[in-house]
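Notes for the one structure printed next.
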Amino acid sequence: MQGDYVLGGLFPLRTAEDTDLSGRTQPNTPECSRFSAPGLLWALAVKMAVEEINKGSALLPGLRLGFDLFDTCSESVVAMKPSLMFMAKAGSCDVAAYCDYTQYQPRVLAVIGPHSSELALVTGKFFGFFLIPQVSYGASTEQLSNREVFPSFFRTVPSDRVQVAAMVELLREFRWNWVAALGSDDEYGRQGLSLFSSLANMWGICIAHEGLVPLSHATVPQVDATQGLLQRVNQSSVQVVVLFASARAARTLFSYSIRCGLSPKVWVASEAWLTSDLVMTLPGMAQMGTVLGFLQRGAPMPEFSSYVRTCLALAADPAHCASLEAEQPGLEEQVVGPRCPQCDHITPENVSADLPHHQAFAAYAAVYSVAQALHNTLLCNASGCPSQERVRPWQLLENMYNMTFRPHGLAMRFDASGNVEMGYDLKLWVWQDQKPLARTVGSFDGSLQLQRSRILWHTPSSECEEGQVRRAKGFHSCCYDCVDCKAGSYKSSSDDLTCTQCDEDKWSPDRSLRCFPRKLKFLAWGEPAVLLLLLLLGLALGLALAALALFVQHRDSPLVLASGGPRAFFSLACLSVACASVLLFPGRPSLASCLAQQPLLHLPLTGCLSTLVLQAVDIFMESQLPLSWADRLRGHLQGPRAWLVVLLAMLAEAALCTWYLVGFPPEVVTDWRVLPTEVLVSCYVQSWVSFGLVHITNAMLASLCFLGTFLVQSQPGRYNSARGLTFAMLAYFITWISFVPLFANTHVAYRPAVQMGANLLCVLGILATVYLPKCFLLLWQPERNTPEFFLGGRPGDTRGRGGSRGGDETQGKNE
């Protein structure tokens, strides 16, 4: 298009298939046969922008922009020829040599493009020699920010440094700190890989494997090296691969990967290949895993699609093409070769796949940046451009630095390095049929914003699971094993490298993400063991009270008198109190209950056993001593003296209990460690020696009773009281000897239940062997309740030989 000022344009309208320039021996042009839809769309975006500016009055009123757009074939050899054409003197095809180019007026005012960083590094130096402004719509390598080497280079896309920062932020967000990093074997890939490696290392992201991917015309050693790298990645635990490569190099890598059977990975893509048709249409790409990458975000251009369709419709009209040919004959074909032959047959269907995600805005904005600089240089206003002086390309540069321009209403600004600040959209490949769609799942504007619900993973996760932390393995801080957080600890945040211990009043299960409050644990009333023991208590207490009532009812009978009379009542009352004492063990312990447990258990038992000892002594004297000795000794164990024996025994036990309570008092303790999920509240015994000594008095009484009755032989026609006492003491010994190992090996939470059971079994043993047989005789065999059977007297003699054993009061009444 002709104009007052002409813009040059470099676009990848075609690509060369497997071009190997290493064997090139003549300065000819490689054959470019593959049509590139993205290149055509960039060229049309420039055309649309120029037409908008020419039709409007906001920029360059009264002036008309023109353009010369050429194909680069994505090869620097091809791109240099139109670049030389741009440097030709206006109105000719010759490049003149001068000592001073200040007044030189080249064919174009500025150059839009190229898209590739590889090409921009070549053309940027060339145009920089003559200070011709060059605005790229895709070259993002950081090297182009060097003002000394590229003084006239600008771009409407962010530098790769911003894209690399977004990539690293993405890896940190997903805690991917063990990755492989690959780059294409060109300036774009090497520089991007270097930026990524340095920034990743700064943030503690470890690169397990790093390498370069050859371009399509790779040598055999390069192919072998790439395949070896892929095999190492496949055999390692790396699940994330960062690929900073051009589209052709990415296609080459994935072709090798598909042939090698690379397992699915998460691919973090650079912008150069993320939406490339070369990669997206590669057969087998759907099996490569999840593809994520950042795509520059520009202003929406909804009218661009219709503009493209209009242009393609006009291109299909032979009359329109003939009119253009007449106006603009192809004078440059002898220099740059024939025009694109495929471009005459392009339909909307050929470019429809690239339109939704195409970065046309960057090329569109590049035109507006040059127009704004020219507008400012010519001092234009709403009525026109007062300055009539012809503007040289170098004069635009001063106005382009730190210049703000508004393409499609979006404010953009070149900084001192010729870069713009633009945000990125995070894109995810979502497969539909044979080609993926790039779905937006996040954004980056200095910080990363994710839409996690929209992310669909196509690869298995390699991260530690919930409740696991990373433990470094070997000398590499990022090679790790996933370790479970044990019970009592938890993983407090996603970045934790060690498990955090729960507070003392909390607990956690294995692999927990938080702690839970502990519940109090003690022998509760509603526990099954306690309910069973309460039933046993009801049985024992009921039997003891029933026996007591029955004995009181038959207090004058020979059976009751032979059992000790009032002392039998006292013994049964003590057994009842001993039964009731077990009620101190269930429920939440208190200081009062802890102090009262042992005295109220052992003192009543001492009272019972002391009365049984008196019976045992009486039986022993009657059966083992001469009659005269027995009568003399029996006189010392009757009446108040017998009660004195009971009192002394209970005082001895009371003394031991007092020493136990005063010297080593039990206390209520809260134990946080003995139970995994609860806090145990229990009565703590400070001295097990004192605890054992409390049993000494009863053990001695039981031993005396057993020794006094064990060898006694029963007399014919007499009730065998000795046998009942012997079995009662055996029951006592069996119960409390079994209590020791059982108590020692029972969990501390259930030791109160063991004490309850031992006490009740001891009481039931005494009742079952001493008192219940006598109750049976009183109820169902009353005919045996005679002096002869119990007291050993003659018929009609209610006293008998043992008649005095019930006490003086009973003796006097019998007489």
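Couple of notes before you dig in:
- For the range 370-388 versus the range 396-410, the gap between their alpha-carbon centres in whole angstrom: 13
- Charge tally for TYR98 (other residues, Cβ to Cβ under 14 Å; Lys, Arg +1; Asp, Glu -1): 0.
- Report summary: the helix-based calculation at 222 nm, which adds -39500 (n - 2.57) for every DSSP H run with n ≥ 4 and divides by the residues of the chain, gives -14000 deg cm²/dmol.
- R0 of 45 Å, Cβ-Cβ distance ALA299-LEU675: FRET efficiency to nearest 0.05: 0.10
- Chain lengthening between ASP445 and PHE129 when straightened (0.36 nm per residue, less Cα-Cα): 110.3 nm
- At an R0 of 22 angstrom, the distance between the Cβ atoms of GLN686 and ARG588 translates into a FRET efficiency of 0.65.
- Across CYS73, CYS385, CYS321, the residue with the most accessible area heads the list, and the full order at a 1.4 Å probe is CYS321, CYS385, CYS73.
- Once the Cα-Cα distance is subtracted from the 0.36 nm per residue extended length, the THR498 to LEU531 segment shows a gain of 7.4 nm.
- Dividing the C-alpha radius of gyration of the range 528-790 by 2.2 N^0.38 Å, with N its residue count, gives 1.08.
- Proportion of all alpha-carbon pairs of the chain beyond 54 Å (%): 48
- Solvent-accessible heavy-atom area per residue, rounded to whole Å², over the chain at 1.4 Å: 45
- Only Lys, Arg (+1) and Asp, Glu (-1) charged, at Cβ; the range 1-108 dipole about Cα centre in debye: 240
- Of all accessible heavy-atom area on the range 528-790, the percent that carbon and sulfur account for (1.4 Å): 71
- Along each principal axis, Cα extent of the range 111-163, largest first, Å: 30, 20, 16
- Secondary structure note: in the chain, about 50% of the DSSP beta bridges are antiparallel.
- The range 528-790, dipole about Cα centre (Lys/Arg Cβ +1, Asp/Glu Cβ -1), debye to the nearest 20: 160
- For the chain, the dipole from Cβ point charges (+1 on Lys and Arg, -1 on Asp and Glu) about the Cα centre works out to 3660 debye, to the nearest 20.
- Farthest toward positive dipole pole in the chain [+1 Lys/Arg, -1 Asp/Glu at C-beta], among PRO558, GLY124, GLY542: PRO558
- Sites PHE743 and ALA768, calculated FRET efficiency, Cβ-Cβ separation with R0 25 Å, nearest 0.05: 0.65
- Label point distance in nm, SER703-GLN235, each placed 7 Å from Cα along Cα→Cβ: 7.8
- Here's the picture: charge each Lys and Arg Cβ at +1 and each Asp and Glu Cβ at -1 in the chain, and of ALA652, LEU199, MET288 the one pushed furthest to the positive end of that dipole is ALA652.
- The gain in end-to-end length when the LYS519 to GLU51 segment is fully stretched comes to 160.7 nm, 0.36 nm per residue minus the alpha carbon separation.
- Span-like helix criteria (full DSSP H runs; alpha carbon extent of at least 24 Å along the helix axis; mean Kyte-Doolittle hydropathy of at least 0.0) are satisfied in the chain by 37-55, 360-377, 528-553, 591-624, 640-663, 721-745.
- Pairwise centroid distance, computed over Cα atoms, of the range 172-241 with the range 527-594, Å: 85
- Positive dipole terminus of the chain, leading residue within ALA366, TRP672, GLY211 (C-beta point charges): TRP672
The values are calculated or read from the model by the stated rules, or taken from the named source; none is laboratory data. Please read all numbers here as calculations on a predicted model, not as lab measurements. Because the Cβ atoms are built from the backbone with ideal geometry, glycine has one as well, and the counts that use them run over all protein chains shown. SASA here: full protein model, heavy atoms, side chains in, ligands and nucleic acids out. Shrake-Rupley method; radii C 1.70, N 1.55, O 1.52, S 1.80 Å.
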